[in-house]
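The values are calculated or read from the model by the stated rules, or taken from the named source; none is laboratory data. All figures in this text were calculated on a predicted structure; none of them were measured in a lab. Cβ sites come from the backbone with ideal geometry, for glycine too, and all protein chains shown count toward neighbours. These area figures cover heavy atoms from the full protein model, side chains too; ligands, DNA and RNA do not enter into them. Shrake-Rupley method; radii C 1.70, N 1.55, O 1.52, S 1.80 Å.
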Amino acid sequence: MNRTVLYILLLFWFSEGYLKAEDGGRLWLRAETTATAQVTTNRKSPTITIAVEELKTQWKGAPVQLVLKRDKELLGLKKDGYIISGDKQKGVTVRSASDTGLLYGAYHLLRLQETQNGSDRLQITESPKYDLRLLNHWDNLNGTIERGYAGHSIWKWDELPEKISPRYKEYARANASIGINGTVLNNVNASPAILTSDYLQKVKVVADILRPYGIKVYLSVNFSSPQILGGLPGSDPLEPTVQQWWRDKAGEIYRLIPDFGGFLVKANSEGQPGPQDYGRTHADGANMLADALKPYGGIVMWRAFVYNPGNEDRARQAYMEFMPLDGKFRENVIVQVKNGPVDFQPREPFSPLFGGMEHTALMPELQVTQEYLGFSNHLVFLAPQWKEFFDSDTYCKGEGSTVTKTTDGTLFPHSLNAIAGVANIGQDINWCGHHFAQANWYAFGRLAWNHALTADEIAEEWLRMTFTQQDGFIIPMKQMMLDSWKTAVNYMMPLGLHHIFAWEHHYGPEPWCDIPGARPDWLPRYYHNADEKGIGFDRTIHGSGAVSQYHSPLREQLNDIETCPEDLLLWFHHVPWDYRMKNSRTLWDELCYRYDAGVQQVREFQKIWDRMESYIDKERFSHVQSRLKIQSRDAVWWKDACLLYFQTYSGKPIPYDIERPVHELDNLKKIKLDMKHHN
Ligand code: GCV
């Protein structure tokens, strides 16, 4: 080989022309580790050692000083807050009052470097908006994951405590890099076995690995544990033997894991046991557990996801059950409320408990895993959905009382404030099944830290770190991410439609689904109510009255078909097919155009992605490309299924300028996916 050829080859190798295959396993943490930065500290600890190592091997700028101190400026920030000052070329100082703050500061610096963001001068002050930023794993002890679409659980219970998967540390690092500081290891549909001594030994090992990364371990517990594990006759929270059982269990846990975070509880919900089994309230149950954890500083996260079959509108039930209990919970209890009043639908209004319960700490629960948004097959960036939720005005203290202000301590200064996201993490080599699903994990952490960040900023950071710095890639891909949620809503459930999924899984459409004897509130018809006159759920004061759970003037706005936001129209109203929308189309036509827009948009995504081929490695390119093909086919499936079915009621033609259905309704009705689960 002559010199010129060698030179050209080398040039190619080092240029963007050579893009090593990537499997996505490194997530957004792809910085080269060849740096030899000078890093000094005034204190030593396992956490600070990690911060030093990260910077030493990746930071390409001037020397960094990590300073643990408690000066006036720092004491004005929350515990994990930090201040970065100096100059990237001359010297940088990171100050914090806590070790974890320094670790977060280190990751902040690396993020600036890897996103090529900002000038050399640094003057950054950061303080997290939520104190507790948690992932919830719906991971079962047998390794399966409820609503998990990225393979089996990363927690290898059968191998623990002896064998330690390298993934535990990688997981801890990824979370720390985005500020997540707690994790609930097991499913809220909790096996009592998690509290056996054998399992607690395993949990201890995981806790020990996560601790230096600033991450506390929490567990979901089964309310019947005293009966099932302890052999007591029942688990009545007012029964002294039951209380003692929990106190003993708490003692056992804290002997093993002194910084154990606490319990997450799903009680009297979807068949889970709870205090109501004994005629007690949610507050009785939560407070009993809280008392057991209190001596150790542990907390109880008590879920408000409750609904029972019957005549009451499901969307109203959590509010009806929890509002009377407002102010009755202990200081170390926080009620965990899903963003919407039903269940993580593609689009929901915010739950009226936010801004409703003023005397109880509430924490939002978001769903990172895409149970209702195409699993790990569809590219759906969730930050725009979460931002809509965060910014929703509850009006509880007048205009501007956003959901975030009701939960982050601004309006109601409770002793706890927190946020949880249901994880989308599994054993898949790329962690989340779809490469772009990693962006949702990333976005959850970033928003939990700072809900004021925009979806745009988060998408850009993530893309730059995960793929490339080139604008030719960043600009179109960012737009695609930002459009993706609205797109999915359009091809699945536009205009406020919800829960028209297939029976047993939540992937495809089955608005016609009718299972004799099934719970009505697990059937799509309950939600869409399509008939010859129109479609939608009447939740006005003439219907279920759910609008009344919101504060004025939102209540009146939602109640009036003319002022209700069109994106939520069919959530709150049963609307005639001929109703005139703001753009003067009829409701039926608008529904058709929305479904069609969703389909066309995914086709556009395919075109955009195909143009990205030269910017990134082949492996990730092909993976995403093939997922987009699925998404495109699924979008057509959704559109045809919903429009052909609803057309049997509207009796109107699909507007002639949009794409014709390519499926027969009868054939679509025969599709049965093999995915087992209740609704
Ligand atoms: C963990 C929905 C999901 C269930 C989930 C439940 C919950 O109903 O489909 O899988 O159970 O919500 O959040 O408790």
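Observations on the model:
- Considering only Thr115, Gly61, Thr47, and ranking their Cα positions along the charge dipole of the range 31-126 that arises from unit charges at the beta-carbon of Lys, Arg, Asp and Glu, the one farthest toward the positive end is Thr47.
- Each part reduced to its alpha carbon centroid, the range 501-533 and the range 215-285 end up 35 Å apart.
- DSSP assigns beta bridges within the chain; of those with both partners inside it, close to 30 percent run antiparallel.
- Gyration tensor verdict on the range 274-382 (Cα atoms; rounded if a/c is under 1.5, prolate if a/b is larger than b/c, oblate otherwise): prolate
- Convex hull volume of the range 183-241 per residue (C-alpha atoms, cubic angstrom): 92 Å³
- For the range 31-126, projected area of the alpha-carbon convex hull averaged over all directions, nm²: 5.4 nm²
- Cα-based reach from Lys90 at 21 Å (exclusive), listing lysines while leaving out same-chain residues under 8 positions away: Lys56, Lys60
- With all protein chains in place and ligands, DNA and RNA left out, the 1.4 Å accessible area ranks Arg314, Arg147 as Arg147, Arg314, largest first.
- Take the convex hull of the alpha carbons in the range 492-600; its mean projected area over all directions comes to 7.6 nm².
- Relative contact order of the range 31-126, defined on C-alpha pairs under 8 angstrom at six or more residues apart (%): 29 percent
- Sequence-separation-based contact order of the chain, relative, with Cα cut under 8 Å and 6+ spacing, percent: 12 percent
- Of the DSSP H helices in the chain, those whose Cα atoms cover at least 15 Å axially and whose Kyte score averages 1.0 or more: 3-14
- The Kirkwood radius of the chain, taken over pairs of alpha-carbon atoms, gives through the Stokes-Einstein law at 37 °C and 0.692 mPa s a diffusion coefficient of 124 µm² s⁻¹.
- Given charges at beta-carbon only (K, R positive; D, E negative), |dipole| of the range 484-609 in Debye: 300 debye
- Among 85-98, 39-52, the peptide with the highest mean count of other Cβ atoms within 10 Å heads the list, and the full ranking is 85-98, 39-52.
- The chain - charge dipole about Cα centre, Lys and Arg +1 at Cβ, Asp and Glu -1, debye rounded to 20: 1900 debye
- Across Glu566, Glu239, the residue with the most accessible area heads the list, and the full order at a 1.4 Å probe is Glu239, Glu566.
- One way to sum up the overall shape of the range 73-183 is the equivalent ellipsoid from its Cα gyration tensor, whose semi-axes run 34, 15, 13 Å, largest first.
- Apportionment of accessible area to carbon and sulfur, the range 19-97, percent (1.4 Å): 51 percent
- Accessible area in the full protein assembly, largest first, 1.4 Å probe, for Ile180, Ile164: Ile164, Ile180
- 1.4 Å probe accessible area per residue over the chain, in Å²: 38 Å²
- The aspartates and glutamates whose alpha-carbon is closer than 15 Å to the alpha-carbon of Lys533, local same-chain residues fewer than 8 away aside, are Asp578, Asp589.
- Taking the square roots of five times each eigenvalue of the Cα gyration tensor of the range 203-299, the equivalent ellipsoid has semi-axes of 25, 14, 12 Å, listed largest first.
- Shape category assigned to the range 612-679 from the gyration tensor of Cα positions, a/c cut at 1.5: oblate
- Rolling a 1.4 Å probe across all protein chains gives Asp531 an accessible area of roughly 50 Å².
- The stretch between Asp578 and Arg70, if pulled fully straight at 0.36 nm per residue, gains 176.4 nm over its current Cα-Cα span.
- Element breakdown for the range 527-610 at a 1.4 angstrom probe: carbon and sulfur atoms account for 50% of the accessible area.
- Taking all Cα pairs closer than 8 Å and separated by 6 or more residues, the relative contact order of the range 485-602 comes to 31 percent.
- Whichever lysines have a C-alpha closer than 17 Å to that of Lys397, once near sequence neighbours (fewer than 8 apart) are set aside: Lys405
- Hydrodynamic analysis of the range 336-466 uses the Kirkwood radius over alpha carbon pairs. Inserted into Stokes-Einstein at 20 °C and 1.002 mPa s, it gives a translational diffusion coefficient of 141 µm²/s.
- Only one residue of Ile671, Phe305, Met481 has its Cα farthest out toward the positive end of the dipole of the chain, where Lys and Arg carry +1 and Asp and Glu -1 on Cβ, and that residue is Met481.
- In the assembled protein chains, His573 presents an accessible area of approximately 10 Å² (probe radius 1.4 Å).
- Solvent-accessible area assigned to carbon and sulfur over the range 345-407 amounts to 42 percent, based on a 1.4 Å probe.
- In units of the rule-of-thumb radius 2.2 N^0.38 Å, the range 132-455 shows an alpha carbon radius of gyration of 0.94.
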